[in-house]
Structure formats: structure tokens, C-alpha cells
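For reference, the structure discussed in these notes is given below.
The values are calculated or read from the model by the stated rules, or taken from the named source; none is laboratory data. On a predicted model such as this, the values are computed, not experimentally measured, just so you know. Every residue, glycine as well, gets a Cβ built from its backbone with ideal geometry; the counts of neighbours run over all protein chains shown. Heavy atoms of the whole protein, side chains included, go into the accessibility calculation; ligands, DNA and RNA do not. Shrake-Rupley method; radii C 1.70, N 1.55, O 1.52, S 1.80 Å.
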Amino acid sequence: MGMHNWGPKSLLDTARLALTCSGRLRKKHQDSHGLWKHKAMQKYLETLSKEYERVSHLLNAGSVSDFEEKSLKRRHADLSPVAAVFQEIKEAEREVQELEAMRKELDSRDEKQLLELALEEKETLDKKINTLCKKLFQSLVPKQKYDRSPVILEVTAGRTTGGDICQQFTKEMFEMYQNYADYKSWTFDILNYTPAEIGGLHHAAAQISGDDVYRHLKYEGGTHRVQRIPETGLSSRMQRIHTGTMSVIVLPQPEEVDIKVDSKDLRIDTFRAKGAGGQHVNKTDSAVRIVHLPTGLAVECQQERSQQMNREIALRTLRAKLYQQIIEKQLSQEQSARKLQLGTRAQSERIRTYNFTQDRVTDHRISYDARNIKEILSGKEALDKLINRLLEFAEVEALTEYLENLQSLERGGS
């Protein structure tokens, strides 16, 4: 359920067109519990709760027309989960207040054992409230229509004086996403894989399908930086740290959209597929490169032995890139100055640093540090935790912006 369905349509249209955030980082609302305490959020949720009660009353009264009843039932279904979680949080907070009052009495009586039990119960309730707040805000944040889409994920090695450091890092990153797809029970189909001569990777692309793939990967798009001491060569003997980069592009692929590509706008080249070290692994020209002449976009595929299959995969990738341009135009019209940019935008922006010498991964958009690089590169729980931290931050930012827009409109109308 998107929150754009809740308020007066004209009000939100005005907010989207006329208002943007200042771009400053709102630190006090960067967590779900902090945003819950926001006065505007409390007021907004109280309004929704009262509307839910009013809609329920009208439906129970049975005094509305068939057309009104249909509309009210849709509204009731939208508001029901939010109202339920809102009441759960309120009830949990009342229990916390009762425990606080009990704790003060226990302090005066010096009931140590009961005091410890009360503190444990309060910690449990605090965790419950935090979990419920996250659940509530996930339902409030407007859902992007691409969130449930499969994606094409591309990785490309950068260039550095450090030799093969970028190619090796690109290979590790591609394997990380492949492992993450397995961890999330997604399907990971390699479309293109161009290895480097010394065991690394120049470029690769894969189609990833499953539940909410784009929602989880949309913030991975951008430049990823690595800092490490190379394992071989002069730099390794001198313990010199080298810096390299690789880029990630995440292209959503909504199934219902078909981008028309005119054959006269395409230049199609064929060549022999190459393996590691540059040697030819196929005696026929099965690899395909397609250039879209109007835009200059180029894609290639050499994974299959059949030229026809490689051609179909390359066309699918090209359509995804062309569709990406349409998405970016749509998003640029709505995109605010929030600190956290969508993964489909600002692809050249450095988003994350992997510092091997300090065993630390830093996401620069949310000032978040995570230890144990190997755990994150394994593509399992540690990476999922980082990605969910990004999602939560983005949701809180979106809701904070929304509340600020409403407050601005209220002040403007008063």
C-alpha cells in the first residue's frame, strides 16, 4: 500500500511538484523508533486510525450505496494493517509505562529480583516496539512499481595503476551477488562473462529473478571502491596499499513492459568467444555485440554456443538499458534531494569502500561501518543485514520528507 493513496490527491500532487527537502541529513529521525516519536507522525497516524474507525462504522451501519461500499471496502483493506500495528505499538508503550511505574516502586522497596525481571521485560517490549515500528513504516512508504521486478545486474572493473586489483575485486563482487541470490533463493542466470588474464574479471552481467529482487538490489548501483595490499608483485612485498574501483549497474526488468527496438537502428557484430587469457574457446563466431545507433548503447553476449541465443540475450539486455533511460526520466521528475539516491541514478557515485587492511566496509550514504569483509563478500547474512539497513534508512528518509512536506503545506495554508 502506498501512502499516496491515503491523503487528498491534490495535496500530495502539490507536495511532489512544489516541495523538496533541503537535503540536510535529519539525524534524529534516522531510525524507526525516532521517527515514531515525531509529532507529525503521531498526528498523521492518529488521523488514519480515526479514519479507519469511521470507515468501519459506515460499513457496519450498512447505509451506503453499492458504489460507496466498494470504495469503502478498499479503503478499509488499506488502513486495516496500519491501524492494527499502530494499536499494537500503543499497547506496548502502555505496558512500558506500567513497568516504569513499577520499577520506581521497587527501587524504594529494594526488591532486587523483581527489579531485574521488570528491566528484562522492558528490554523485550522495547525490541517489540522497534520491530513494530519498522513493520509500520514499511507499510507507509510508497511502493515503487519496479520493486518486485527481476533485474539485470552488470559489473565492470575500473582502471588503476595497481594492476589486476580492480579485476580481482570485480570477480569477488560478482561472486558475492551470485551467492546473495542463492541466499535469497533467487535465480541467477549469467548473460555475459569476460574474464581478465590474471584470474580476475573485466565485465559480467546476470539476470536475477525472484521475490522483490529490485527492491533489495536497487541501492547497489554505483561505484564500489577497494583498498588492499595486492597478493603478488612489488606492492605486496612493500606492503603498499592500492586503491581500485569497480562499478555496479542494476537494471529493473518489469515483465509487462516491452521496449520496441527497430532493426534498422541496430549494428550487430559477431566474433569468437574468448576465455581467460584471451584464448578463443569457440571455433565459430558465436559471440554477439549489438550497438543501438541512436543512443550509442552497446551490449554483448558470448555465454552460449549458439549465436542465435547470444543474440536474443543481448537484445534483452539492450531493451533493459533502454527501459532504464525511461525510468531515470520518470525518477528525475520525482526525485528529491534526499541523501540516499536510488540505485538506478548516480551510477558513477562512490557508494561504498571495502578496506581490506582494516577489515571494514563503509557505506558512505548512511555512514555505516561493518566489520569482517569476508563475511560480507560471502553474500549471506552480513550482506543482507547491510542491505536491509539501507532499506530502513531509505524508508525513514522518505517518511521524514513526506511529513516535512505535509507540515510545509499546512503552514502555507494557514
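If you take the residues of the stretch 367-393 that are in contact (Cβ under 8 Å) with a residue 40 or more places away in the chain and either over 13 Å from the mean Cα position of the chain (by Cα) or not assigned by the TED database to the domain that holds T170 (or both), which of them is nearest to T170 (Cα to Cα)?
Across the stretch 367-393, the extreme among qualifying residues is L377.
Give just the number: which of (1) closer than 20 Å to I373 by Cβ; (2) within 15 Å of the chain's Cα centre (by Cα) does D147 not satisfy?
All conditions pass for D147, except number (1).
Output the number of the condition that Y354 fails; it satisfies all remaining conditions of (1) surrounded by fewer than 18 Cβ atoms within 10 Å (Cβ to Cβ); (2) at pLDDT 75 or above; (3) outside the structural domain of R272 (by the TED database).
All conditions are met except number (1).
Taking F86 as meeting all but one of (1) out of contact with any Ser or Thr (no Cβ under 7 Å at 6 or more places or on another chain); (2) within 25 Å of E401 (Cβ to Cβ), write down the number of the exception.
(1)
Within the set of pairs 6+ apart or on separate chains, which have a first residue in the stretch 294-311 that is without any contact (Cβ under 8 Å) to a residue 60 or more places away in the chain and charged (D, E, K, R), a second that is open to solvent by 60 Å² or more (accessible area, probe 1.4 Å) and assigned to a strand (DSSP E or B), and C-beta atoms under 8 Å apart?
The qualifying pairs are R311/I268.
In the stretch 184-219, which residues are touching a Gly at 6+ places or on another chain (Cβ under 6 Å) and part of a helix (DSSP H, G or I)?
Hits for the stretch 184-219 are K218, Y219.
Can you tell me which residues in the stretch 208-227 are of a type outside the set (D, E, K, R) and crowded, with 21+ Cβ neighbours inside 10 Å? Walk me through it before giving the result.
In the first step, residues of the stretch 208-227 are kept if they are of a type outside the set (D, E, K, R); the result is 208-210, 213-214, 216-217, 219, 221-224, 226-227.
If the condition is that a residue be of a type outside the set (D, E, K, R) and crowded, with 21+ Cβ neighbours inside 10 Å, then I208, V213, Y214, H216, L217, Y219, G221, G222, H224, V226 are the ones that fit.
Hey, could you check the stretch 36-47 for residues that are of a type in the set (D, E, K, R) and in a helix (DSSP H, G or I) and say which is farthest from A398 (Cα to Cα)?
Looking at residues that are of a type in the set (D, E, K, R) and in a helix (DSSP H, G or I), I get E46.
If the requirement is being surrounded by 15 or more Cβ atoms within 10 Å (Cβ to Cβ) and at pLDDT 85 or above, which of these qualifies: L125, L115, L140, L136?
Every option except L125 fails the conditions.
Condition first: among the aromatic types (F, W, Y) and open to solvent by 50 Å² or more (accessible area, probe 1.4 Å). Now tell me which residues in the stretch 186-207 satisfy that.
Y193
For the stretch 371-414, what are the residues that are modelled with pLDDT under 95 and not in a helix (DSSP H, G or I)?
Passing the criteria: R371, N372, S414.
How many residues are out of contact with any Cys (no Cβ under 9 Å at 6 or more places or on another chain), open to solvent by less than 80 Å² (accessible area, probe 1.4 Å) and part of a helix (DSSP H, G or I) if we restrict to the stretch 48-87?
23
Residues are listed down the side, and each one gets a yes or a no for (1) at pLDDT below 85; (2) touching a Ser or Thr at 6+ places or on another chain (Cβ under 7 Å); (3) open to solvent by less than 50 Å² (accessible area, probe 1.4 Å):
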| site | (1), (2), (3) |
| --- | --- |
| P254 | yes, yes, yes |
| I259 | yes, no, yes |
| A287 | no, yes, yes |
| Q303 | yes, no, no |
| N310 | no, yes, yes |
| A320 | yes, no, yes |
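Right, T170: hydroxyl-bearing (S, T, Y) and part of a strand (DSSP E or B) or not?
On the way: hydroxyl-bearing (S, T, Y): yes; part of a strand (DSSP E or B): no.
Judged against the criteria, T170 is not a match.
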